[in-house]
1. Just to be sure, is residue 79 surrounded by 10 or more Cβ atoms within 10 Å (Cβ to Cβ), at pLDDT below 75 and either assigned to a loop (DSSP other than H, G, I, E, B) or touching a strand residue (DSSP E or B) at 6+ places or on another chain (Cβ under 9 Å) (or both)?
2. Can you spot a residue in segment 41-56 that is at pLDDT 80 or above, at negative phi and either surrounded by fewer than 10 Cβ atoms within 10 Å (Cβ to Cβ) or in contact with a helix residue (DSSP H, G or I) (Cβ under 8 Å, 6 or more places away or on another chain) (or both)?
């Protein structure tokens with residue numbers, strides 16, 4: 001039984017893995033459940049970019065850092 005079980009698992013695992021990968025990145029999952037990547041996210045996944053591709057300039061980073069420092073320095077601790 002062990003040998004038969006190993007052969008069955010060896011045959012099923014690649015199919016199962018492929019089906020799982022398709023489901024996780026499919027529009028069908030997003031359409032049916034509301035979860036999963038959107039069309040734009042799927043394009044990034046297909047291209048292997050994963051959201052990387054935009055690097056802010058040093059001026060933008062400095063502006064962001066100043067804005068964060070200003071927010072943290074306000075002393076507003078109320079929500």
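1. Values: surrounded by 10 or more Cβ atoms within 10 Å (Cβ to Cβ): no; at pLDDT below 75: yes; either assigned to a loop (DSSP other than H, G, I, E, B) or touching a strand residue (DSSP E or B) at 6+ places or on another chain (Cβ under 9 Å) (or both): yes.
Against the criterion (surrounded by 10 or more Cβ atoms within 10 Å (Cβ to Cβ), at pLDDT below 75 and either assigned to a loop (DSSP other than H, G, I, E, B) or touching a strand residue (DSSP E or B) at 6+ places or on another chain (Cβ under 9 Å) (or both)), residue 79 does not qualify.
2. First, the residues of segment 41-56 that are at pLDDT 80 or above: none.
No: segment 41-56 contains no residue that is at pLDDT 80 or above, at negative phi and either surrounded by fewer than 10 Cβ atoms within 10 Å (Cβ to Cβ) or in contact with a helix residue (DSSP H, G or I) (Cβ under 8 Å, 6 or more places away or on another chain) (or both).
The values are calculated or read from the model by the stated rules, or taken from the named source; none is laboratory data. Because the structure is predicted, anything quoted here is derived from the model rather than measured. Note: ideal-geometry Cβ built from the backbone for every residue, glycine included; neighbour counts use all protein chains shown.
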